[in-house]
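First comes the structure, then the notes that go with it.
The values are calculated or read from the model by the stated rules, or taken from the named source; none is laboratory data. Being a predicted model, the structure only gives us computed values, none of them experimental. Please note: Cβ atoms are built from the backbone with ideal geometry, for glycine as well, and neighbour counts cover all protein chains shown. Ligands, DNA and RNA are stripped out before the accessible areas are found, and what is left, the full protein with its side chains, is counted by its heavy atoms. Shrake-Rupley method; radii C 1.70, N 1.55, O 1.52, S 1.80 Å.
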Amino acid sequence: MRQLRRYAAALVTVLLVTGCTPRDDGYRAGAADAGDPYVPGSGNGGYNVGDYRLRVRYDPATDRLTGQATVTATTTAKLSRFNLDLAGLTVDSVRVDGAAARHRHDGAELVVTPAHRLDSGRRFTVDIAYGGVPAPVTDGELGSGGLLATADGAIALGQPVSASTWFPVNDHPSDKATYDIEVTVPDGLAALSNGVPKGRTSTGGWTTWRWVEATPMASYLTTLVIGDYRVDTSTHAGKPMVTAVAAALPTDGPAAASLARTGAVVDFLASRFGPYPFDSYGGIAIADDRIRYALETQSRPVYGPGFFRSGANGKVIAHELAHQWFGDAVSVARWSDIWLNEGFATYAEWLWEEHDGGRTAQRNAELQYAATDWSRPSVDPGRSGMFGDAVYKRGALAVHALRRTVGDDAFFRILRGWVAERRGGNATTDDFVAYAEGVADRPLKPLLDAWLIGTGAPTPL
Ligand code: TRP
Ligand code: ZN
């Protein structure tokens, strides 16, 4: 009987601590996802992250990653517990504000119950020790994303999901944060990531590379590239530039030649879109054929080998670098608005091509107009349509239609002002339309609706 009473008392304590009390004291569990139907399970509610401090060690001999993450966040509600996204690794310990916290790993969700409940608007830090052999997350519709072991190292890359395969994260673009990333790898290998290079140190056969991204970054824009690379560090327009080409690719080949144009392309784009939004530049050319994409990872895009198979490719460089303004500096608040990234990046390819002596943007628009399937919308194209022509090509056509309608002067004022006003944050299609209308001082919603979501061909421009 005494034992029973003790059990009951313990149960009450547990209920109090977890916030599942019969009395409603306002403390709740943070949501287990961001509520974005394109990425069920991704992101979390109840807090905003300000900064991630990541210390990871990766051993290519065993594919094992050992990590120590410090997440600094602010609650947006009274929290009894909260989630982070972490796919497939093992958590050894969690501390909240230095005190041991209970944790449970449920699929790709790490559920943390702090020793003390958290009031709303409160800053808190979470220290997580974790490790294991990372595996990419496979997605039937969107392909795989995340940390992929390669012959000589690893590549963490993917959209919309990648980060949660190598660190605990609020894995949704609506919660941007700064990053301080230290990666420890065997001597002789490169360990590249986002942002400003902060040097490297070696001890006992291991080298630690440190990177700092001090401008808020969406989690899918983080990358980690470990392996045998030719790393070139220089300065461009007063900021560090780090480019890296896989040692397996030829020294004077098309990948190296394309990456070497990074500075010229960035300067051209800055002349159109306004100042480059980050404090470092670069690019990484990988050799692993399993990666069939390029991705606009912040300040340092990663390019799959396929883009350079038939020679140098300035267009893919222009595309990924244009994303630094459209997608990275100004990020989607929800994935259904991804045309705000891809429409502008594709349009930037057309601008670059014209500047580089090729086809004009007008000609590209005419060709694209003739090839467009108007039954598919650019806005909310469906999860399986996230990377389809309606987003990339129809989105670019809408950008061109806006330019032709308001004229070059207002058009480039809209683009520059949009980035200047929104950089570091998130935006929606409605935000963009309202902003454009304000700058042009005329209604533009009917026009943009016709080009973005209308089901018939708009009058050509
Ligand atoms: N957003 C990338 C681009 O347009 C392309 C992309 C789509 C991608 N899905 C991906 C890149 C998955 C890496 C992984 O440049
Ligand atoms: Zn793109």
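3J(HN,Hα) along the range 97-114, derived from phi through the Karplus expression 6.51 cos²θ - 1.76 cosθ + 1.60 where θ = phi - 60°, amounts to 6, x, 9, 3, 10, 6, 8, 9, 10, 10, x, 9, 10, 9, 9, 10, 10, x Hz, with x in place of Gly and Pro. Computed extension length for H105-R422: 110.6 nm, one decimal, from 0.36 nm per residue of separation with the Cα-Cα distance subtracted. Computed from the C-beta positions of R413 and D51 and an R0 of 35 Å, the FRET efficiency is 0.55 to the nearest 0.05. Here the label points at A264 and D228, each 7 Å from Cα along the C-beta direction, are separated by 3.1 nm in the simple model.
For the cross-link pairs K239/K315; K198/K393; K176/K198; K239/K393; K78/K445, which exceed 29 Å when the distance is taken from alpha carbon to alpha carbon?
Cα-Cα > 29 Å for K198/K393; K239/K393; K78/K445; rest within.
Compute the helix-to-body angle for 429-440: its Cα long axis versus the longest principal axis of the chain, expressed 0 to 90° and rounded to tens. On a 0 to 90 degree scale, this one is about 40. Size descriptors for the range 234-315, from the alpha-carbon set: Rg then Dmax equal 12.6, 36 Å.
Close amide H pairs (under 5 Å, H built 1.01 Å from N) link K198 with R210, W211, V212, residues at least 5 positions away or on another chain.
Give me the extension gain from S375 to R292: residue separation times 0.36 nm, minus the current Cα-Cα distance, reported in nm with one decimal.
Numbers: separation 83, 0.36 × 83 = 29.88 nm, distance 2.74 nm.
Value of the extension gain: 27.1 nm.
Global size of the range 172-323: 14.8, 48 Å for Rg and Dmax (C-alpha atoms, Rg to one decimal, Dmax whole). Amide H of N44: which non-local residues (sequence gap of 5 or more, or other chain) have their own amide H closer than 5 Å, using H built in the peptide plane? It is A34, D171, by chain and number. Below 10 angstrom from the Cβ of L221, what's the summed charge of the other residues (Lys, Arg +1; Asp, Glu -1)? Result for the neighbourhood of L221: -1.
Across the range 229-234, coupling constants 3J(HN,Hα) worked out from phi with the 6.51/-1.76/1.60 Karplus curve, θ = phi - 60°, read 10, 8, 9, 10, 10, 9 Hz, and Gly and Pro carry x.
Counting Lys and Arg as +1 and Asp and Glu as -1 over every other residue whose Cβ lies under 10 Å from the Cβ of P301, the net charge comes to -2.
In this structure, A115 and A434 have a Cβ-Cβ separation that, at R0 = 35 Å, corresponds to a calculated FRET efficiency of about 0.20. If R0 equals 30 Å, the separation of the Cβ atoms of T235 and R272 corresponds to a calculated FRET efficiency of about 0.85. If you line up the long axis of helix 389-422 against the longest principal axis of the chain, both from Cα atoms, how many degrees apart are they, to the nearest 10? Roughly 90 degrees, rounded to the nearest 10. Backbone amide hydrogens, once placed in the peptide plane, bring G50 within less than 5 Å of T72, A73, T74, excluding anything fewer than 5 places away on its chain. Treating each Cα of the range 252-385 as an identical point scatterer and summing with the Debye formula, the log10 of I(q)/I(0) at q = 0.10, 0.13, 0.18 Å⁻¹ comes to -0.34, -0.58, -1.10. Straightening the chain between W206 and E141 buys 19.5 nm, computed as 0.36 nm per residue apart minus the Cα-Cα spacing.
Solvent exposure of the range 265-374 amounts to 31 Å² per residue of accessible area, where only protein heavy atoms count and the probe is 1.4 Å. Rounded to the nearest 10 degrees, the inclination of helix 2-18 to the longest alpha-carbon principal axis of the chain is 20 degrees.
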